[in-house]
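*Asks:* Sharing a structure below in structure tokens format, with a few things to ask.
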Amino acid sequence: MPSAPPDPPSPFPITKARTHLLGLTFDECIQVFFGGNAVMAVVILGLITFFLFKEGASFFGQNRENLTVYRRAGLEYVDFMRQQEQDHTALTRYLSDLRLRTLQHLTGPGGLTLAAANTQLAPFDEFANRYSDAVVPLRGFVSDLTDVATAIKTKFIVMGDNKTQREQLLGAGKTAEAAAVVITPVDFKAELAPLVGTLPAYRDLSTAFAKSLTEAIASPPKLPTPELQARMERFRALTQQYLVSFPATLKNLESWDYLKPVPVWQAFTAFLFGKDWLTASFWQDWYGIVPLFVGSLLVSVIALLLAVPLGVGAAIYVNQIASPLEQRLIKPSIEFISAIPSVVLGFFGIAVLGEALRALSHVTWLSWVPGFPFAERLNALTAGCLLALIAVPTIFTLAEDALNNVPRSFKEASFALGATRLQTVLRIIVPASLSGIVSAVLLGLGRVIGETMVVLLCAGNRIASPDFTAGLGVVTQPVHTMTGIISQEMGEVVRDSIQYRALFVVGIVLFFLALLINFLAQKIVRKYRISIG
Amino acid sequence: MVTAPTSAAPMENTAAPSTLTIKVPGAPAADPGVASTLIEISDLDFYYGAKQALFDVNLRLDEKRVTAFIGPSGCGKSTLLRCLNRMNDLIDGTAIRRGAIKVRGIDIYGADVDPIELRKRVGMVFQKSNPFPKSIYENITYGLRIQGVRSKTRLDEVVERSLRGAALWDEVKDRLHESGLGLSGGQQQRLCIARTIAVEPEIILMDEPCSALDPIATAKVEELIHALKKQFTIIIVTHSMQQAARCSDKTAFFYMGKLIEYADTSTIFMNPANPQTEAYVSGRFG
């Protein structure tokens, strides 16, 4: 080298590197980068939780207000009577069901023609008509009062809207326009007077109603079989029960006070235990999570009932029995299912599975299956089947891992004692990996409960608690779910309205459910690691 | 720690002027009379896939004796052991290409042999103690339960007899329903032996049963082996030459998949015919 460098090289070069970025050394930069990524995840989780709660928390205040208006405007008062009317309608439905059964019996094999059967049922029809006509006066009465209560509520809402308008104008500095907005205060007492004043009239009406019902059931028509006769007796007993409830209704009406405050806890219980989710109603909006919760649960249980045997069974087969070639084939196939976008699965559900299941349900020799035949192509069963497909890869992969973690020596010991392969799997391998399998199932449940697209497309979206009196047939009823309702309504709802808040609270419930499931799964897995050593 | 196998053992055995404590197998120490052959291995070639692991092994193992298989790692001794109860069937690609193994004259690889039934007759104790993650009681009764034994009194009886047989009864009789994994390493291994003898096999295969145990636990297991040979035929694979010398009647030395020498234990250790054997037992390689 002709030109010597300015600094002679250090004889023992161990000085610190001089690379600096924003005052940090290279090492520190790397640390900040990775640390930052980890912190980001925690921060985002925190933010999501915070916003969920921030948006959801004021729901309960709003719901309490909602319930207060329900009482002040007299809607609650009218609903006492309406309930009575609806109970009667339910009983009438029982009666028409009974007629249908009788008709089926009469026109059954070797029976009468339809016309002849209808003629024979004439006494029954007379009886049924008398029974259902008894409610007509009550129905008219309730209808009139409904109008009164709705009018009061409308007035109140208009007042509220005007108040908001004035505040907004004042806020914008337009004092003159603000003064022009007329706010008519609602005098609930005066408005309610005609409503409450109908009590004596109702009392007479109720007595007359009870009398005509008692007369109607006094002379029931004879039915052809003892089984049908028993149903008629049951119907009469139900009517008796219904009649006994009359004084209670009257008492509710008499003691009703529009000023009675709505306790705070009712805002919570009305949400957590409310059996109706009813929005944009002309009468009263209800935000009860029960139908959605039950819907989600029903769909998930169906999904798990299908997915657990499939997933765990496949895991046992692949891990314990399959040849290496089969393993190479089956494992990726099952794992590939999770790569299918759920909207595509939903599509498949609507176009193929729902139709196929309905067609299957109409096959005559399958009519013994509970819930068959059904008319709704989209129902809990359709959604549950597809959700099972979504849960299978999760359950399969995790269960297979759990089985894989069972030491080979257990298997060898079992074989060395003269156990068959089945005995080894059932008595040694599965028990030893049970907690891992249980946690796999739990995580599958978490996956299924959080799934949205499939249930939105395939569950039928009927917001009502499924009718569990149908026994196992309940699975063929359409349901709505927590995830489904959020995705369906969130796009159309007015920001900061009570419904908007209610959806957030549903989100919080989902969030906690998922948290609980994951927590349990982790806890079980940890325990399992310790026990196997 | 080694007890004389029977009271009939001649006194001069223990006074043998040897650095190793060797029982003289040639002397009719255990049973009077000549031991009869139980297992006959002839011309055995064994393969893991394309790799041959055993070459032309011929061996006759005596009934109610302890036979030790020794040799350096990878010499095929464990493979041969696992052939005797067909545990190798569980490994894909294994095959016996030539030769036969006969127990009491019956080929155990015959077409009409059920390996499940075979394993009930030929028990096995593994290198690493492997009690099931169940209670001690459940561990021992497992073999009987899978055979369909339900009677509580029968199971209780077998549990006590097996644990006594494995010299473990006094240590665990108060905690039979606690997990077998809570025992110490040596106790676990004796539990595994108890579990094996509970199904009353004729032959017990032991694959380095003491390699994970400390000297005291090892001594207990060796004592047990002595006691068990009155009732069972025992074949033990071991890396410890002292162990082979202490507890076996006959010893087979394997090297590179071949049986190099098979003779009375005293002969193998004191006066081996083959120079390779001598090199191994004297510690020059392996």
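The values are calculated or read from the model by the stated rules, or taken from the named source; none is laboratory data. This structure is a prediction, so every number in the text was calculated from the model and none was measured. Positions of Cβ are backbone-derived with ideal geometry, glycine not excepted, and every protein chain shown enters the neighbour counts. Protein only, heavy atoms only, side chains kept; ligands, DNA and RNA dropped before computing areas. Shrake-Rupley method; radii C 1.70, N 1.55, O 1.52, S 1.80 Å.
*Asks:* Does the stretch A:344-364 contain any residue that is open to solvent by 70 Å² or more (accessible area, probe 1.4 Å), over 30 Å from A:Thr420 (Cβ atoms) and polar (S, T, N, Q)?
*Replies:* Yes, the stretch A:344-364 contains a residue that is open to solvent by 70 Å² or more (accessible area, probe 1.4 Å), over 30 Å from A:Thr420 (Cβ atoms) and polar (S, T, N, Q).
*Asks:* Can I ask one more? Could you pull out every one of the helices (runs of 4 or more DSSP H) wholly within the stretch A:102-181 that has 2 or more residues that are assigned by TED's automatic domain parsing to the domain that holds A:Leu213 and touching a residue at least 60 places away in the same chain (Cβ under 8 Å)?
*Replies:* A:122-133, A:136-171
*Asks:* Output the residues belonging to the stretch B:126-138 that are within 14 Å of chain A (Cβ to nearest Cβ) and open to solvent by less than 40 Å² (accessible area, probe 1.4 Å).
*Replies:* Hits for the stretch B:126-138 are B:Phe126, B:Ser129, B:Asn130, B:Pro131, B:Phe132, B:Ser135.
*Asks:* So, in the stretch B:196-223, how many residues would count as being open to solvent by 10 Å² or more (accessible area, probe 1.4 Å) and within 14 Å of chain A (Cβ to nearest Cβ)?
*Replies:* Adding up the residues that qualify gives 8.
*Asks:* Determine whether A:Asn405 is of a type outside the set (Phe, Trp, Tyr) and open to solvent by 40 Å² or more (accessible area, probe 1.4 Å).
*Replies:* So A:Asn405 passes the test.
*Asks:* Quick check on the stretch A:367-377. Is at least one of its residues touching a residue at least 40 places away in the same chain (Cβ under 8 Å) and in a helix (DSSP H, G or I)?
*Replies:* Checking the stretch A:367-377: not a single residue is touching a residue at least 40 places away in the same chain (Cβ under 8 Å) and in a helix (DSSP H, G or I).
*Asks:* Further question on the same structure: Any idea how many residues of the stretch A:385-409 are at the interface with chain B (Cβ under 7 Å from one of its Cβ atoms) and either modelled with pLDDT of 90 or more or closer than 27 Å to A:Val448 by Cα (or both)?
*Replies:* Residues flagged as at the interface with chain B (Cβ under 7 Å from one of its Cβ atoms) and either modelled with pLDDT of 90 or more or closer than 27 Å to A:Val448 by Cα (or both) within the stretch A:385-409 amount to 0.
*Asks:* When B:Ile193 is evaluated against the numbered criteria (1) closer than 19 Å to B:Gly143 by Cα; (2) more than 18 Å from the chain's Cα centre (by Cα); (3) more than 11 Å from chain A (Cβ to nearest Cβ), which criterion, by number, is the only one it fails?
*Replies:* The failed condition is (2).
Here's the yes/no breakdown for (1) open to solvent by 40 Å² or more (accessible area, probe 1.4 Å); (2) in contact (Cβ under 8 Å) with a residue 40 or more places away in the chain; (3) not assigned by TED's automatic domain parsing to the domain that holds A:Ile449:
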residue	(1), (2), (3)
A:Met490	yes, no, yes
A:Arg495	yes, no, yes
A:Leu503	no, no, yes
A:Ile508	no, yes, yes
A:Phe511	yes, yes, yes
A:Leu515	yes, no, yes
A:Phe519	yes, no, yes
A:Ile524	yes, yes, yes
A:Lys527	yes, yes, yes
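*Asks:* Name every residue in the stretch A:253-299 that is within 18 Å of A:Lys153 (Cβ to Cβ) and of a type in the set (Gly, Ala, Ser), in order of residue number.
*Replies:* Result: A:Ala270, A:Ala280, A:Ser281.
*Asks:* Still on this structure, I have one more. Hey, can you tell me all the residues within the stretch B:241-265 that are open to solvent by less than 40 Å² (accessible area, probe 1.4 Å) and part of a loop (DSSP other than H, G, I, E, B)?
*Replies:* Scanning the stretch B:241-265 gives B:Ser248, B:Asp249, B:Gly257.
*Asks:* Determine if the stretch A:443-458 includes at least one residue that is of a type in the set (S, T, N, Q), farther than 15 Å from A:Leu398 by Cβ and either within 14 Å of chain B (Cβ to nearest Cβ) or open to solvent by less than 30 Å² (accessible area, probe 1.4 Å) (or both).
*Replies:* For the stretch A:443-458, residues of a type in the set (S, T, N, Q), farther than 15 Å from A:Leu398 by Cβ and either within 14 Å of chain B (Cβ to nearest Cβ) or open to solvent by less than 30 Å² (accessible area, probe 1.4 Å) (or both): absent.
*Asks:* With the requirement that a residue be at the interface with another protein chain (Cβ under 7 Å from one of its Cβ atoms) and either in contact with a Cys (Cβ under 6 Å, 6 or more places away or on another chain) or in contact (Cβ under 8 Å) with a residue 24 or more places away in the chain (or both), what does the stretch A:412-432 give you?
*Replies:* A:Ala432
*Asks:* So, one more: Of all residues in the stretch B:107-116, which are open to solvent by 90 Å² or more (accessible area, probe 1.4 Å) and closer than 24 Å to B:Gly143 by Cα?
*Replies:* If the condition is that a residue be open to solvent by 90 Å² or more (accessible area, probe 1.4 Å) and closer than 24 Å to B:Gly143 by Cα, then B:Asp112 is the only one that fits.
*Asks:* Could you check the stretch A:368-398 and list, in sequence order, the residues that are within 30 Å of A:Val525 (Cα to Cα) and open to solvent by 30 Å² or more (accessible area, probe 1.4 Å)?
*Replies:* Answer for the stretch A:368-398, where residues must be within 30 Å of A:Val525 (Cα to Cα) and open to solvent by 30 Å² or more (accessible area, probe 1.4 Å): A:Cys385, A:Leu389, A:Thr394, A:Thr397, A:Leu398.
*Asks:* Just checking, does the stretch B:139-152 include any residue being in contact with a strand residue (DSSP E or B) (Cβ under 8 Å, 6 or more places away or on another chain), open to solvent by less than 50 Å² (accessible area, probe 1.4 Å) and either away from chain A (no Cβ under 14 Å) or within 30 Å of B:Ile39 (Cβ to Cβ) (or both)?
*Replies:* No, that holds for no residue.
*Asks:* Answer with yes or no whether B:Gly123 is in a strand (DSSP E or B) and facing chain A (nearest Cβ under 9 Å).
*Replies:* yes
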